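In what follows, a single structure is set out as C-alpha cells and then discussed.
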Amino acid sequence: MKKVISVLCIFAIVLGMFTPFTIKASAAVNTNSTFEELYNEAKKHLGKPYSQVNRLGPDSFDCSGYTKYVYKKVTGVQIENTSGEQYAAADKIKTGNQKPGDLVYFRDPGHVGIYIGDGKMINAQNDGVKIDNINGSYWKDYFVGYARPFNFKEKLGSKYYYAVSDLNLRTQNNWDSSVAGKVPKGAKVSIDLDSDKNGWCMVTYGSVKGYMLNTTSYFSTTPVLKTYYAKDNINLRTQASWDSSVAQKVQKGEKVIVDLKSNNNGWYKVTYAGKTGYMILNDNYLVATPLNMKTYYAINTLKLRSAANWDSSVSQTVPEGAQVKVEM
C-alpha cells in the first residue's frame with residue numbers, strides 16, 4: 001500500500017531542482033567523525049514521532065530537522081535548515097559512488113534521509129524515525145539521488161604488527177601511566193588504528209590490553225624473529241665478523257632464533273640455548289626448514305669415524321645409552 005508522506009517535512013525543493021544531478025567541485029566538509037559515530041547517534045532516535053511544529057528534535061523531527069540534528073550532534077557543524085537547502089549545498093553523488101553517511105533524496109513530495117549502506121536509509125517520516133529499504137516498493141519510484149555534506153573519517157580497523165623489542169603497555173595513552181602488561185620481543189599484536197590519539201593506540205596481545213606509541217621504534221609490519229636450523233655445526237660469534245671469538249657452538253640440525261631486524265652487513269643476532277651470538281644468514285649456515293634428523297640411542301659404546309669406512313680414524317667416542325642424532 002502506498003505510503004502517505006504529504007506532511008513528511010518542510011521543504012523548498014521544486015521538481016526542477018531535483019533533475020538532473022550536476023556533479024560540482026567538492027563542497028563536502030572534512031570531519032574527524034566516523035560514519036559509525038553518526039549511525040550510533042541516528043539510531044538513538046528510532047521510533048521518535050514526526051512533527052512539523054517541533055521539527056528540530058530531540059524529542060520529535062521532520063525529515064530535514066532529523067538530518068540537521070544528527071549531523072550537528074556528531075560533527076559539531078550545522079547544515080542547512082530545509083531539505084531543499086540541504087540538497088542545494090551538498091555535493092551531488094552519482095548512484096554507485098554513494099557512501100554510508102550521505103544524504104539520499106526523493107521527490108513528490110521532497111524527502112531526505114541518511115544513507116546507512118546496503119540499500120537502506122534511516123529517516124524521519126510521518127510514522128516516526130525508522131529504517132527503510134531505498135529499493136522498496138514505494139521509495140524506488142520516487143528516488144532522486146545522493147548528496148554528500150561531509151567526508152567522514154574512514155574507519156581503519158585493527159591491524160597486526162610485531163613487537164620490535166620487549167614492551168610495557170600502558171594503562172593510558174601516556175608514559176606517566178602505570179604498566180598494563182608486557183609484550184615480548186617478536187610477539188604478534190593487534191593494534192586498533194581508530195583508537196589513535198597523539199600517536200598512542202590500543203594494543204592487544206592475547207588477554208593483555210594497553211596503550212603504546214604506534215611507531216617503527218616499537219612495532220614492525222613484518223616478523224621480527226624467525227626460526228632457522230643449523231645446516232651444519234656452526235660457531236656463533238661474539239661480534240658481526242669472522243675475526244671475533246666464538247660465543248656459542250650450535251650442532252647441525254639445532255633450532256635457533258634469528259633477529260631479522262639486526263642485519264649488520266649480512267650478519268644477524270642468533271639466539272641458541274639462551275645465549276646470543278652473530279652469524280651470517282644464508283643457506284650455507286642456516287636454513288628455514290628442519291633438517292631430516294632422527295634421534296637414536298647408542299646400544300653400546302660407539303666410535304664414530306672421520307670418514308665413511310672402518311679404516312678411517314676415530315673422530316669421537318659415544319658412550320652406551322647416549323642420545324645421538326642421525327641425518328636421514
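Quick test for you: out of Gly277, Gly253, pick the one residue that is touching a Leu at 6+ places or on another chain (Cβ under 7 Å), at positive phi and surrounded by 14 or more Cβ atoms within 10 Å (Cβ to Cβ).
Gly253
If I filter the range 291-304 down to residues being modelled with pLDDT under 90 and under 57 Å from the mean Cα position of the chain (by Cα), which single residue comes out as farthest from Asn233 (Cα to Cα)?
Ala298
Conditions: (1) more than 26 Å from Ser262 (Cβ to Cβ); (2) outside any strand (DSSP E or B); (3) touching a residue at least 24 places away in the same chain (Cβ under 8 Å). Asp176 meets all but one. Number of the miss?
(3) is the only condition that Asp176 fails.
When the residues of the range 193-221 are filtered to those that are in contact with a Lys or Arg (Cβ under 9 Å, 6 or more places away or on another chain) and within 13 Å of Lys159 (Cα to Cα), which remaining residue is surrounded by the fewest Cβ atoms within 10 Å (Cβ to Cβ)?
Only one residue fits best here, namely Thr221.
Only one of Lys249, Lys269, Lys275, Lys231 is basic (Lys, Arg) and under 34 Å from the mean Cα position of the chain (by Cα); which?
Just one listed residue meets the conditions, Lys269.
Given the structure, is Ala42 buried (at least 22 other Cβ atoms within 10 Å of the Cβ), closer than 30 Å to Ser195 by Cα and of a type in the set (Gly, Ala, Ser)?
Judged against the criteria, Ala42 is a match.
With the requirement that a residue be buried (at least 18 other Cβ atoms within 10 Å of the Cβ) and either charged (D, E, K, R) or in a strand (DSSP E or B) (or both), what does the range 230-246 give you?
If the condition is that a residue be buried (at least 18 other Cβ atoms within 10 Å of the Cβ) and either charged (D, E, K, R) or in a strand (DSSP E or B) (or both), then Ala230, Ile234, Leu236, Arg237 are the ones that fit.
Does Ala124 satisfy being in contact (Cβ under 8 Å) with a residue 40 or more places away in the chain and either closer than 22 Å to Gly57 by Cα or touching a Leu at 6+ places or on another chain (Cβ under 6 Å) (or both)?
When the stated conditions are applied, Ala124 passes them.
Would you pick out the residues in the range 34-57 that are in contact (Cβ under 8 Å) with a residue 40 or more places away in the chain and either of a type outside the set (A, V, I, L, M) or not assigned by TED's automatic domain parsing to the domain that holds Tyr146 (or both)?
The answer is Thr34, Phe35, Glu36, Tyr39, Lys43, His45, Gly47, Lys48, Pro49, Tyr50, Gln52, Arg55.
Quick one: count up the residues across the range 132-147 that are within 35 Å of the chain's Cα centre (by Cα) and of a type in the set (A, V, I, L, M).
Number of matching residues: 2.
Find the residue count for the range 29-57, including only residues that are at pLDDT below 95 and in a loop (DSSP other than H, G, I, E, B).
Of the residues in that region, 6 qualify.
Report the residue count in the range 58-75 for those that are outside any helix (DSSP H, G or I), touching a residue at least 12 places away in the same chain (Cβ under 8 Å) and more than 13 Å from Asn123 (Cα to Cα).
1
The values are calculated or read from the model by the stated rules, or taken from the named source; none is laboratory data. Owing to the predicted nature of the structure, the values given are computational and were not obtained by experimental measurement. We place every Cβ from the backbone using ideal geometry, glycine too, and count neighbours over all the protein chains shown.
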